[in-house]
Amino acid sequence: MEYGEFLRRVPKVELHCHFEGTVRAATAADLARKHDIALPTDDVEKLYDYDSIYEFLKIFALVSSALIDQEDFARTSYESLEDGVKLGNLKYREMFFNPTLHTSRGVPYKTVVDGLVDGIHAAEKDFGVRCRLIADVYRQDPPEQAREMVEQVLEHRPDELIGLGMDGAEAPDPPEKFVDAYRLAKQGGLRLTAHACEDAPAKNITTCLDVLGIERIDHGYHVLGDDAVVQRCLDEGLTFTVCPTATAVCYFDPDDLTKHPIREMAERGLKIMLNSDDPTMFHTDIGSEYDRMTRAAGWPPERIREFVLNGVDGAWLSDDEKRTMRKAFEQELDELQAQLDQPARA
Ligand SMILES: [Zn+2]
């Protein structure tokens with residue numbers, strides 16, 4: 001087996017993927033037609049072309065505005081998981097969604113969550129993939145709105161909804177802004193994560209750990225700017241959910257992943273696992289993310305195995321579930337590795 005095929009076929013956990021960023025362009029166009037919403041281009045291929053996080057966030061909001069009925073959310077979450085399975089052998093995902101992106105334009109919170117859960121159940125039935133949900137605070141929202149969102153989540157929380165996260169542009173709105181929302185979520189039994197240090201210095205990780213009480217970091221690249229914070233993350237075994245392409249498009253060079261900070265994070269021993277972030281919106285998928293980043297970094301199969309299993313470790317499943325998943329993954333990895341052309345070259 002060729003290395004690229006191996007990378008696509010290794011079993012995967014994904015802990016950093018935004019539901020709204022997984023909508024297929026053709027489906028977005030379909031739903032826009034259904035609800036009479038104008039998109040900036042009629043060319044589906046060009047819908048997801050941009051080169052900064054600010055432009056990206058605009059399209060992200062526009063595509064989200066075409067999600068209105070419960071069945072829209074069900075269809076898109078189903079397709080999102082189908083793509084993960086077919087393009088990257090996805091087994092388990094903890095998927096972000098932004099409640100206020102939908103509720104602020106009049107879609108009831110319950111419609112959003114129930115639709116997502118419908119799609120998750122249907123995908124599990126058809127493909128065996130499992131998925132849990134993480135409600136994300138949108139950083140550009142006022143703190144009161146974030147707190148109200150958490151109240152809503154706690155009032156209507158299907159078993160699939162397990163955590164609170166935070167996304168949006170980081171530099172203008174630091175994590176401490178949302179301490180109330182995080183405190184309430186913790187009291188309510190939600191697991192906690194946050195996007196940090198994608199576009200801001202390492203001190204945001206310290207704030208997330210000490211003030212918000214987070215258990216994982218999404219992105220985290222600028223941790224490399226502070227050796228003491230790196231050491232702390234190593235000591236605490238903190239999981240970093242890193243995303244090659246989306247971050248490269250927004251902040252680095254999308255055509256050259258050899259300089260991506262993920263590489264140095266891995267070299268320094270930080271506990272990373274790979275993710276697709278907003279796959280359709282960045283013309284990628286979880287299989288491609290493994291392939292492109294691995295080739296750029298020159299990682300051998302043993303390292304891929306380590307990153308895959310970091311995903312299992314970092315998941316918010318019970319210890320029993322993680323043991324079972326780890327065993328199944330190890331077996332599948334052994335089988336795939338045995339079929340790999342030798343010597344495997346990245
Ligand atoms: Zn993200």
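The alpha carbon centroids of segment 314-334 and segment 1-48 are separated by 27 Å. The H on the amide N of N98, modeled in the peptide plane, is under 5 Å from the matching H of E20, D136, each at least 5 residues off or on a different chain.
Ligands, DNA and RNA excluded, the heavy atoms of D210 present near 100 Å² of accessible surface to a 1.4 Å solvent probe. To put it simply, the accessible area of the chain at a 1.4 Å probe is 47 percent carbon and sulfur. With 0.36 nm allotted per residue and the present C-alpha distance subtracted, the K327-A61 stretch has 91.8 nm of extension available. Accessible surface comparison of C250, C208, probe 1.4 Å, protein chains only, largest first: the order is C250, C208.
Ranked by the mean number of other Cβ atoms within 10 Å of their residues, highest first, the peptides 154-163, 6-15, 25-34, 308-317 fall in the order 6-15, 308-317, 25-34, 154-163. Taking R323, R295 and ordering them by how much accessible surface each has at a 1.4 Å probe, largest first, produces R323, R295. Accessible surface computed residue by residue for segment 3-338, with neighbouring protein chains in place and a 1.4 Å probe, gives 38 Å² per residue. Counting only protein heavy atoms and using a 1.4 Å probe, the accessible area of R232 comes to about 70 Å².
The amide H of T284, built 1.01 Å from its N in the peptide plane, has no neighbour under 5 Å, considering only residues 5 or more places off or on other chains.
Using the Cβ of G4 as centre and a radius below 9 Å, the other residues enclosed give a net charge of -1, where K and R count +1 and D and E count -1. When only alpha carbons are used to place a centre, segment 218-238 and segment 265-292 end up 18 Å from one another. Under the classification rounded if a/c is under 1.5, otherwise prolate if a/b is larger than b/c and oblate if not, where does segment 1-148 fall, given a ≥ b ≥ c as square roots of the Cα gyration tensor eigenvalues? Prolate shape, in that a/c is at least 1.5 and a/b is the bigger ratio. What is the chain by shape, rounded, prolate or oblate, if you read a ≥ b ≥ c off the alpha carbon gyration tensor as root eigenvalues and call it rounded for a/c under 1.5, prolate for a/b larger than b/c, and oblate otherwise? In terms of gyration-tensor shape, rounded. Taking amide H atoms as placed 1.01 Å from N in the peptide plane, the amide H of L67 has no partner under 5 Å among residues 5 or more positions away or on other chains. Given the pairs K110/K322; K86/K322; K46/K259; K125/K322; K203/K271; K91/K327, which span a C-alpha to C-alpha distance of over 25 angstrom in this model? In this structure, K110/K322; K46/K259 exceed 25 Å between Cα atoms.
Remark: relative contact order (segment 99-196) = 28 percent; criterion is Cα-Cα distance under 8 angstrom and separation of 6 or more residues.
The values are calculated or read from the model by the stated rules, or taken from the named source; none is laboratory data. These figures come from a predicted structure and were not determined experimentally. FYI the Cβ positions are ideal-geometry reconstructions off the backbone, even for glycines, and counts take in every protein chain you see. SASA here: full protein model, heavy atoms, side chains in, ligands and nucleic acids out. Shrake-Rupley method; radii C 1.70, N 1.55, O 1.52, S 1.80 Å.
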